[in-house]
Each structure stands twice: as C-alpha cells, then as structure tokens.
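No lab work stands behind these numbers, since they all come straight from the coordinates. Bear in mind that the values here come from a model prediction, so they are computed numbers and not experimental data. We place every Cβ from the backbone using ideal geometry, glycine too, and count neighbours over all the protein chains shown.
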C-alpha cells in the first residue's frame with residue numbers, strides 16, 4: 001500500500017492534500033499522521049476530517065517528537081512524565097482513528113549523550129521499550145520501530161547490527177525502515193531487508209545527500225541514495241509493506257507534486 005506522511009502536507013495543508021487525493025481517485029492511499037503537525041487541536045475534528053480514511057482503515061500515526069524525552073534519567077520527573085503524557089495523548093487519537101500502528105524511533109529522543117555512554121542508553125531503551133509497547137497495546141496500537149539518528153547530528157543510538165538484534169530481543173517487534181536515515185548512516189539496507197524480512201511492515205521513502213536528513217523527494221537530483229535496489233528488495237522480501245512517502249514540505253513547490261509521485265511510485269513498484 002502507498003501511504004503519504006502528513007509531513008508532505010503539514011497542518012492546514014493536509015486539507016487540500018486530502019481533496020487532491022479524492023479528485024484523483026486515490027481513495028486507497030493511506031495517511032500517516034505526524035502528530036506534531038496536525039491541522040486541528042480537537043480530536044473529534046481530526047476524526048471527522050479523516051472519516052473516509054478511518055472507515056477504510058487507512059490511517060496510521062507517527063509518535064509526537066516535540067518535547068518528548070523518553071530517555072531521561074528520572075522516570076518520575078516532569079520531563080519524562082510529560083513525554084509519556086504526550087505519547088498517550090497521541091495513542092488516544094490513534095484509537096479514535098482506528099489506527100493499528102504508530103511509528104516509534106529507536107533513538108536517543110533528543111538526549112545529548114557522549115559516545116562512551118551510548119551502550120548504557122541502548123540498554124535503557126531496551127529496558128523501557130516493553131513499558132512503551134504495553135501502553136500502546138492498551139489502545140490497540142502496535143509500535144513500528146524506526147531506525148533513527150544521523151551521524152552528522154551525533155545522535156545515532158543503534159548500529160545496523162544492533163538494530164537487527166532488537167528482533168531477537170523482542171520477537172514480536174515490527175519495524176519501519178527509513179531509507180533516508182539508512183543512507184545517512186551508510187547501512188546496507190538490502191542486507192537489512194533480507195535479514196528482517198516481513199518483520200519490516202513499512203518504509204519511509206525520501207532521499208538526501210548522505211549527510212543530512214534532508215527529506216528530499218526520491219527523484220531529487222541532489223540526492224545520492226541509490227534507491228532502486230532497495231525498492232526491489234522491499235518488493236521481493238516484504239511485498240505487503242506500506243510504502244510511505246515522507247518528503248519535507250519545503251522540498252517541493254506544489255501539492256500536485258505528491259500526486260505525481262504517487263503515480264510514479266505505483267508504476268515503479270508494478271514494473272519491478
């Protein structure tokens with residue numbers, strides 16, 4: 001299934017984006033709601049806006065990132081408690097939208113951490129993950145664990161090998177492979193797809209220069225990611241995974257561009 005992230009059409013721009021999808025008969029394209037950039041604060045208004053997608057089970061969510069610091073030392077402190085409250089707030093809306101999945105980073109969650117402390121932080125993430133997952137399950141939501149962290153930002157927590165090992169620690173864990181992040185970290189993404197197989201249930205699609213998290217369109221000529229081998233491996237090993245277009249809105253001029261990208265991606269995946 002092809003899905004678009006609301007990062008392509010943040011806040012009020014989601015409304016004309018939904019209209020364009022309807023006008024072009026893309027009635028089965030999914031919507032991943034980036035919680036930090038919704039067009040309304042009112043949950044009922046969001047559910048009403050997405051009613052057609054909700055009825056078809058086409059809505060998924062990305063966890064809130066602004067102010068969410070889940071790696072804080074003190075789980076009883078205000079920062080961690082605020083983070084959990086925002087996370088749960090997003091889960092409540094996900095349930096109202098009949099969303100079954102929420103993207104969730106395998107990351108430092110904004111915590112500045114020296115390299116020599118990363119191993120301790122990985123252990124902390126692994127220790128806390130069952131609590132986060134259990135909270136999501138209370139709302140009927142499964143977490144899709146996404147590779148995150150950019151070397152140029154000095155915030156990478158898991159290497160490719162360590163990321164794959166999460167599947168051994170948590171046999172029921174499902175994953176989202178962000179191919180832009182994988183490019184920045186120089187991961188062998190085809191090998192990762194072959195190893196994790198159908199545990200990968202979604203992809204974030206975007207391009208970059210190999211250093212920054214640019215979120216350029218896949219076909220942007222500035223991008224240096226060779227994405228076709230990844231798409232080929234994805235279709236072969238994860239044929240039912242969601243392909244989520246996650247371009248930054250600042251990287252293209254007009255929302256019609258996303259319609260053109262959906263057409264191109266459909267044709268490309270069909271021809272592989």
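Against the definition (under 30 Å from residue 96 (Cα atoms) and either buried (at least 18 other Cβ atoms within 10 Å of the Cβ) or more than 17 Å from the chain's Cα centre (by Cα) (or both)), how does residue 176 come out, yes or no? Even if it seems obvious, please write down each step before you answer.
Numbers: under 30 Å from residue 96 (Cα atoms): yes; either buried (at least 18 other Cβ atoms within 10 Å of the Cβ) or more than 17 Å from the chain's Cα centre (by Cα) (or both): yes.
Yes, satisfied.
Among the residues of segment 18-37 satisfying the criterion of being closer than 18 Å to residue 57 by Cα and in contact (Cβ under 8 Å) with a residue 40 or more places away in the chain, which is nearest to the chain's Cα centre (by Cα)?
Going through the qualifying residues, I end up with 32.
Given the conditions (1) buried (at least 19 other Cβ atoms within 10 Å of the Cβ); (2) within 15 Å of residue 203 (Cα to Cα); (3) in contact with a helix residue (DSSP H, G or I) (Cβ under 6 Å, 6 or more places away or on another chain); (4) in contact (Cβ under 8 Å) with a residue 40 or more places away in the chain, and given that residue 101 satisfies all but one, which numbered condition is not satisfied?
Tallying (1) buried (at least 19 other Cβ atoms within 10 Å of the Cβ); (2) within 15 Å of residue 203 (Cα to Cα); (3) in contact with a helix residue (DSSP H, G or I) (Cβ under 6 Å, 6 or more places away or on another chain); (4) in contact (Cβ under 8 Å) with a residue 40 or more places away in the chain, residue 101 fails exactly one: (3).
Please indicate, with yes or no, whether at least one residue in segment 136-146 is in contact with a helix residue (DSSP H, G or I) (Cβ under 8 Å, 6 or more places away or on another chain) and within 21 Å of residue 74 (Cβ to Cβ).
Looking for residues that are in contact with a helix residue (DSSP H, G or I) (Cβ under 8 Å, 6 or more places away or on another chain) and within 21 Å of residue 74 (Cβ to Cβ), one finds none in segment 136-146, hence no.
Return a yes/no flag: does segment 71-78 have any residue that is in contact (Cβ under 8 Å) with a residue 60 or more places away in the chain and touching a helix residue (DSSP H, G or I) at 6+ places or on another chain (Cβ under 6 Å). Walk me through it before giving the result.
From segment 71-78, those in contact (Cβ under 8 Å) with a residue 60 or more places away in the chain are none; that's our starting set.
Within segment 71-78 (the criterion being in contact (Cβ under 8 Å) with a residue 60 or more places away in the chain and touching a helix residue (DSSP H, G or I) at 6+ places or on another chain (Cβ under 6 Å)), the answer is no, since none of the residues qualifies.
Starting from segment 110-128, keep only residues that are on the phi > 0 side of the Ramachandran plot, then list their pairs with residues that are surrounded by 10 or more Cβ atoms within 10 Å (Cβ to Cβ) whose Cβ atoms are within a distance under 6 Å, requiring at least 6 positions of separation or different chains.
Every condition considered, the pairs that remain are 110/69.
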